[in-house]
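The values are calculated or read from the model by the stated rules, or taken from the named source; none is laboratory data. Note that the structure is a prediction, hence the values are computed from the model and not measured. For neighbour counting, all protein chains shown are included, and Cβ atoms are generated from backbone atoms with ideal geometry for every residue, glycine included. These area figures cover heavy atoms from the full protein model, side chains too; ligands, DNA and RNA do not enter into them. Shrake-Rupley method; radii C 1.70, N 1.55, O 1.52, S 1.80 Å.
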Amino acid sequence: MVSHIVELRAKPGAGPDLCAAIRDHALPEVINHFQGYVSEIVLVADDDPDRVTAISFWDSQANAEA
């Protein structure tokens, strides 16, 4: 299993909207369709709600890089 980590900074006050966009649009409409995709975790920093980290899990390095 392989993971990709992406750190994002939302506009001030838009952290919850960014998380919702990942959950409601990016995952079901784009990422889920890639071969080898396993799962995704989206984290929000306690001390900065506009800092979002997304960790995606893939079944192989080749699929993660495709």
Take the residues in the stretch 16-66 that are under 15 Å from the mean Cα position of the chain (by Cα) and of a type in the set (S, T, N, Q), then tell me which one is modelled with the lowest pLDDT. Asn32
Residue under evaluation Asp46, criteria (1) open to solvent by less than 80 Å² (accessible area, probe 1.4 Å); (2) out of contact with any Cys (no Cβ under 7 Å at 6 or more places or on another chain); (3) without any contact (Cβ under 8 Å) to a residue 60 or more places away in the chain, criterion not met: (1)
Here is a check on your reading of the model: is Leu27 outside any loop (DSSP other than H, G, I, E, B), surrounded by 13 or more Cβ atoms within 10 Å (Cβ to Cβ) and free of Cβ contacts under 8 Å to residues at least 40 places away in the same chain? yes
Within the stretch 8-16, identify whether any single residue is assigned to a strand (DSSP E or B) and either touching a strand residue (DSSP E or B) at 6+ places or on another chain (Cβ under 7 Å) or of a type in the set (Val, Ile, Thr) (or both), and answer yes or no. yes
